[in-house]
Each structure stands twice: as structure tokens, then as C-alpha cells.
Amino acid sequence: MTSPFTIWHYLDFILIALALIWVISHTLKQKDSSQKGSFIATYSMIAFLVLLLSVVAINGYTKKVLLLNVENHRFLSTESIIYTGTVRNAGDYDVGEVELEIEIFNKGSMLQKRSSYESTAFKDYYNDADIRRLFGYKKEESKPASVTVRKTIAKELRAKEGKQFAVSIRYPDYFSGYTSKEQLVVH
């Protein structure tokens, strides 16, 4: 099983832990003991936040996965959309899991037909589910203009390796056409 961490992650953990231990030991050596606990808690919170930010930054540099040759086809007989393509690890480190997040937009919705300069503040306020309920609309009458689905397409993807995938998604029956946006989520 591939670990989601690289050598850079472990080095980061060690450096932050050593810095935290050093700061806590110097805090404990201080003669005034009235605020040692609050200083240690503050240092620990700062170290945790730095750890989170550094893990996100390291992931951005070490996990480079590309989405290639993505095609989608709608099958009327099964009322589904099938996405096919290739996912490729372009980085030098192994990747644990790759998920494909697909957002499907209804081409027939009024929000897709507006001008890019047109203000939608009133429409967004009026189309909000809670506001519509105040005006007497039932929940069944309002249908979302987009659907988001996330599926796992590869596990344990080695460095410089590629895998083909096929993902089937149910097509919403109230859509009058669709456009989609694909995005990778790498773990």
C-alpha cells in the first residue's frame, strides 16, 4: 500500500516537532511560571497551523497528476453519462488515490442563458430554497442547476505511470442538455 506521505512530509514533521520541543523546553526554563501553560498552548497551535499549511504546500509540489483524453458520451438507454480517459502521474513520487470530481450543469437553466454583465443578486436571493419556501414554493419544485459527483479512478498510482478509467454517472431526468467540468482530487 502506498503511503500518502513522501520523504518531504516526514522531514517537515520532524523539523516542526523539533522546533516545538525546543520552544517548549525554553518556555519551561523561564522563572515566571504564571503564563507557561498559555505560551505552550499558543506555540502548539501555531505549530499545528504551520504543519497543515506546509503539508498542503508539499502536496502541491509532489503530487502532480494529469487528466488526459477525457471524453464523455450520453447513453439514452441507461440515462447515464460515461466519462473515459487516462490519468497520469507526472510527478516523481507515488500517489495513494486519485478521485475525479465531475460537475454537470443543466444547459436549460436560466442561469446559463444570462449575460455575463447581468446582475444575479436578486435571482440568487429569490432562488434560495429558504426564501422560496417563504413564498409558498414546495421543495420538489426547485431542482438544482448542477450536480457534483466524485468517484475514485485510480489507487496506488506509481511515478510516471498512467491508468485508463471509465466512470458512469446517472443523468438527471430534468436536464435539457448538459455541460460539465472535470477536476482531479489527489490523496
Original post:
Out of the residues in the range 65-94 that are among the hydrophobic types (A, V, I, L, M, F, W, C) and without any contact (Cβ under 8 Å) to a residue 24 or more places away in the chain, which is farthest from LYS155 (Cα to Cα)?
Top reply: LEU76
Original post:
Applying the selection to the range 91-108, what residues are surrounded by 14 or more Cβ atoms within 10 Å (Cβ to Cβ), part of a loop (DSSP other than H, G, I, E, B) and either more than 21 Å from the chain's Cα centre (by Cα) or hydroxyl-bearing (Ser, Thr, Tyr) (or both)?
Top reply: TYR93
**OP:** Answer yes or no as to whether ARG88 is within 30 Å of LYS181 (Cα to Cα), over 25 Å from the mean Cα position of the chain (by Cα) and either outside any helix (DSSP H, G or I) or assigned by TED's automatic domain parsing to the domain that holds SER180 (or both).
**Re:** no
Original post:
Of these, VAL56, VAL87, which one is modelled with pLDDT under 95 and within 17 Å of LEU184 (Cβ to Cβ)?
Top reply: VAL56
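Would you mention how many residues in the range 147-187 are assigned to a strand (DSSP E or B) and within 17 Å of the chain's Cα centre (by Cα)? It would help to see each step written out before you state the result.
Here is the first cut: in the range 147-187, the ones assigned to a strand (DSSP E or B) are 147-157, 162-170, 178-186.
Cutting the leftovers down to within 17 Å of the chain's Cα centre (by Cα) gives us 147-155, 180-186.
Count: 16.
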Original post:
(1) of a type in the set (Ser, Thr, Tyr); (2) surrounded by fewer than 14 Cβ atoms within 10 Å (Cβ to Cβ); (3) touching a Phe, Trp or Tyr at 6+ places or on another chain (Cβ under 9 Å): which one isn't true of SER3, the others all being true?
Top reply: (3)
Subject >> Output for the range 141-182, where each listed residue is touching a residue at least 60 places away in the same chain (Cβ under 8 Å) and among the hydroxyl-bearing types (Ser, Thr, Tyr) >> reply: SER168, TYR171, TYR174, SER176, TYR178, THR179, SER180
Original post:
Which of the residues spanning the range 57-88 are out of contact with any strand residue (DSSP E or B) (no Cβ under 7 Å at 6 or more places or on another chain) and closer than 19 Å to ARG150 by Cβ?
Top reply: ASN59
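The values are calculated or read from the model by the stated rules, or taken from the named source; none is laboratory data. Since the structure is predicted, the reported quantities are computational estimates derived from the model, not experimental observations. Methodologically, a virtual Cβ is constructed for each residue, glycine included, from the backbone with ideal geometry; neighbour enumeration extends over all protein chains shown.
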